[in-house]
1. What are the residues in segment A:161-186 that are surrounded by 14 or more Cβ atoms within 10 Å (Cβ to Cβ) and over 21 Å from A:E292 (Cα atoms), if any?
2. Can we say A:G827 is touching a residue at least 12 places away in the same chain (Cβ under 8 Å), assigned to a loop (DSSP other than H, G, I, E, B), within 15 Å of RNA strand B (Cβ to nearest atom) and not hydroxyl-bearing (S, T, Y)?
3. Give the residues of segment A:635-662 that are of a type in the set (S, T, N, Q) and either in contact with a strand residue (DSSP E or B) (Cβ under 6 Å, 6 or more places away or on another chain) or near RNA strand B (Cβ under 9 Å from one of its atoms) (or both), sorted by residue number.
4. Pull up segment A:403-461, narrow it to residues that are aromatic (F, W, Y) and out of contact with any Lys or Arg (no Cβ under 6 Å at 6 or more places or on another chain), then point me to the one that is nearest to A:Y42 (Cα to Cα).
5. Considering (1) farther than 24 Å from A:E130 by Cα; (2) out of contact with any Phe, Trp or Tyr (no Cβ under 9 Å at 6 or more places or on another chain), say which one A:Y55 fails and leave the rest.
6. Return the residues of segment A:663-686 that are near RNA strand B (Cβ under 7 Å from one of its atoms) and not charged (D, E, K, R); say none if nothing qualifies.
7. Among the residues in segment A:330-338, are any over 24 Å from A:R227 (Cα atoms) and either under 37 Å from the mean Cα position of the chain (by Cα) or among the hydroxyl-bearing types (S, T, Y) (or both)?
8. Taking only segment A:332-359 into account, find how many residues are more than 14 Å from RNA strand B (Cβ to nearest atom) and free of Cβ contacts under 8 Å to residues at least 40 places away in the same chain.
Amino acid sequence: MSLYDPAKTEPKWQAAWDEAGTFKATMTGDKPKYYVLEMFPYPSGRIHIGHVRNYTMGDVIARYKLATGHNVLHPMGFDAFGMPAENAAMAIGGHPKTWTYENIDTMVGQMKPLGFGLDWSRMFATCDPEYYGQQQALFIDFLAKDLVYRKNAVVNWDPVDMTVLANEQVIDGKGWRSGAEVERRELTQWFFKISDYSEELLDALDTLENWPAKVRLMQENWIGKSRGLEFGFERVDGEEPITVYTTRPDTLMGASFVGISPDHPIAKKLEAENPEIAAEIAEMRKGGTTAEALEKAEKRGVDTGIRTKHPLDSNWELPVWIANFILMDYGTGAIFGCPAHDQRDYEFASKYELPIVPVFGEEEITEAFVPAKTEKVTFLRGFAGATEQTGDEAVDAAIAAAERDGWGSGVTKFRLRDWGLSRQRYWGCPIPVVHCDDCGVVPEKKENLPIELPDDVTLDIPGNPLDRHPTWRDCACPSCGKPAQRETDTMDTFVDSSWYFARFTAPDAKTPTDMEAASYWMNVDQYIGGIEHAILHLLYSRFFARAMNITGHLPDSAREPFHALFTQGMVTHAIYMTTGEDGRPVYHYPEDVELRDGGGFLKDGTQVKIIPSAKMSKSKNNVVDPVEIIKAFGADTARWFVLSDSPPERDVEWTASGAEAASKHLNRVWMLCDKIGKMPADYAGRDNEELMREMHKAIHDVTMAIDSFGFNAAIAKLYGFASTIAKSDAGTNEKKLAIKTLAQLMSPMTPHLAEDIWAHQGGEGLIANAPWPVADEKLMVEDSVTLPIQINGKRRGEMKVPRDMPKDEVEKAALAHEAVVKALDGGQPKKLIVVPGRIVNVVV
RNA sequence: GCCCGCGUGGUGGAAUGGUAGACACAGGAGACUUAAAAUCUCCAGGCUUAAUAGGCCGUGCCGGUUCGAGUCCGGCCGCGGGUACCA
């Protein structure tokens, strides 16, 4: 008996696919096209098991679509700019570029043996000058169409290292290297005008029928359309009124104070004039910029001394406070505080002993009362609408009243902010503009692109090396030719990943895209990636597709670039952590940790802290390298194993237990094939009809499962079908057909083994190109079904009846069933429910 | 804090509102073998019972809708993702 040897067969079939150009994407013939894309990886060093899972899913779809007669585009590349390369250069020396390209080589070397059906000829990395040069061209075109502009925005500022920090580099409000308390500081930065598209990006979500509902909901909430009232608080001192925006104008009679952001113009003016307020604002500016940090920070405020008049009662004066929880970039940067019906206002008012006056509900209040706006409440101090009304009705009535009396107007606002793309970092795409003393900010000429990053930089001291490079900044003004200076900010890496899918359609084009290729291949028919990208990456890409359409780089039909989206779950693993001498966490690889006595220990006996179940991430070292499984069992086993058991959309805690069993099963299938190959050609068998029925059921079920991303379900069916073939006493012809069909159904998951079986059974050509089998529904039908019998909803028996037995006969048969007779005890059933082919329920 | 998910045997998980636990892993028993490996067969949610039959309980917790709820609704608890400079 010959054993299946993946180490020999897998490279053989990979070479055969290469030679036949099986996965090279072409636009030829009249076949329909299919573009399947998995989110490209960051080249962190080595691939981990999460990558294997993700790319195997995409490959199953790609191979299945190839077999169902499509021109398939299935490319791969690398999202290669970003902080980890700089961090590596700081930590271990070397150059980000070297580190990145070496990682890419390693990862490609690990991916190729997995046998993915990828068109490798289209591969690129976003740090290739050929790619980012085209990205610079896009930026210049966006600039010309007013899709990019400059404004001030806050960043995390490390006052010791004198550098901007990423949110990830701020730990508990302190800089990760210096340990200094981080401050929020304003810088002039570049922004994409994504907020101009808020309404369109929101409305178009309804057209994305093949996206998960949860992703659409998350984007809807992120865009955050709201209707509210904008109005001015007149100042007692007669200065310009303070304009506020509120989504709860119906609570205006519960107003307790007017709050403004520390970044509000009034606050800034006071900061410059009044040292006490300046000191207080300096305190408020401490800490990082994340929404989480701002929301969780203790409420803090300072009375400006300014007094305003309540719009409904000019004798009612309200104080103006600067409050740390009010954001300048949402609404107008100013609010009125209604502590009775807003949790944050309640905390603030309690702390500073400001009045808390309920508008609806009960007079006595011990916490903020915030019912859903759809709920009906009784108003104690309403000023518009009925006494009893829902929040929504009250808001509408309040806006109508304000508009009627002319002191405010209803407005629609969005939470979505413009996309800040400036990064004060080296390893990113240079922003192609020049600062000229005479001409101002001028875009670079396209013929000068790409503006390449200089190689001769050092990252041993904090800050952006482009700023301190002796010559790189110096250039001629593209407009007047006088000496000028380059922009030293680089682009957010989200820019790189917002159009790579379009570039894959023509990766060598001398313009960002080639319209013919883009029109043929776009949109991505099936996009696959992690749920962690549900908002930012996918929203930015949707914006970019629109911007690229406006600038003539994508057809109208590609404004929504991803036809269908599947979000796979993450592979998680415990994090093993110790604390370094400097007090900062040190993360250890799973293979360096031994688990015993309910704890984890390093080789030197040090106990590690175990943080259970977190997303595999290079920065936490909780990654598992698939190389051991591939070495021990081959690519097919790894592919089969990562798809089996867990539903693809669910997170899965990694464990290798079961990999060996998966390998054994594949071997069993091979031996079954070998055995069938040795059957006498004329053996007639007995179970032919039954085997053919099971085969057609398997074709049907597996096809359905693949179509709906139920890979684990497909694999469960394939286990069953393999076992059916093994046990069946069918004839040689039937068995050969069955094993070839099994191989075809397995081929998207275990392509090498499938090719081998196909060849062994004399299949024509490559199984990768063989047409997908089609189930004959007529051959799937069984004549009888087993109906469970319930009494009062609990299963008490079952009966076997002909599939097409009429309902009244089923009823009769059920009533004659011994369990029913016993339960009725001579009486009549209260109700009898018969669901044909499913169930009988007798209510007694 | 806010937004979005998820929660089923020892484990991964299955189940168009219709027999909860398919299919696997780990485990147990057996067959084959001098032995081991490999392979094959069988058992297996919990409690009750000598065992079987039967009965009771059971899909994070509490409540609701329904002839019938893992599935739908409301409230809680726990875990995960995102939170605009990690990618």
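1. Those that are surrounded by 14 or more Cβ atoms within 10 Å (Cβ to Cβ) and over 21 Å from A:E292 (Cα atoms): A:D161, A:T163, A:R177, A:S178.
2. Against the criterion (touching a residue at least 12 places away in the same chain (Cβ under 8 Å), assigned to a loop (DSSP other than H, G, I, E, B), within 15 Å of RNA strand B (Cβ to nearest atom) and not hydroxyl-bearing (S, T, Y)), A:G827 does not qualify.
3. Those that are of a type in the set (S, T, N, Q) and either in contact with a strand residue (DSSP E or B) (Cβ under 6 Å, 6 or more places away or on another chain) or near RNA strand B (Cβ under 9 Å from one of its atoms) (or both): A:S644, A:S646, A:T655, A:S657.
4. A:W427
5. Of (1) farther than 24 Å from A:E130 by Cα; (2) out of contact with any Phe, Trp or Tyr (no Cβ under 9 Å at 6 or more places or on another chain), only one is false for A:Y55: (2).
6. Selection gives A:H665, A:N667.
7. For segment A:330-338, residues over 24 Å from A:R227 (Cα atoms) and either under 37 Å from the mean Cα position of the chain (by Cα) or among the hydroxyl-bearing types (S, T, Y) (or both): absent.
8. Final tally of qualifying residues: 2.
The values are calculated or read from the model by the stated rules, or taken from the named source; none is laboratory data. None of these values were measured; they are calculated from a predicted model. Glycine also receives a Cβ, built like all others from the backbone with ideal geometry; neighbour counts cover every protein chain displayed.
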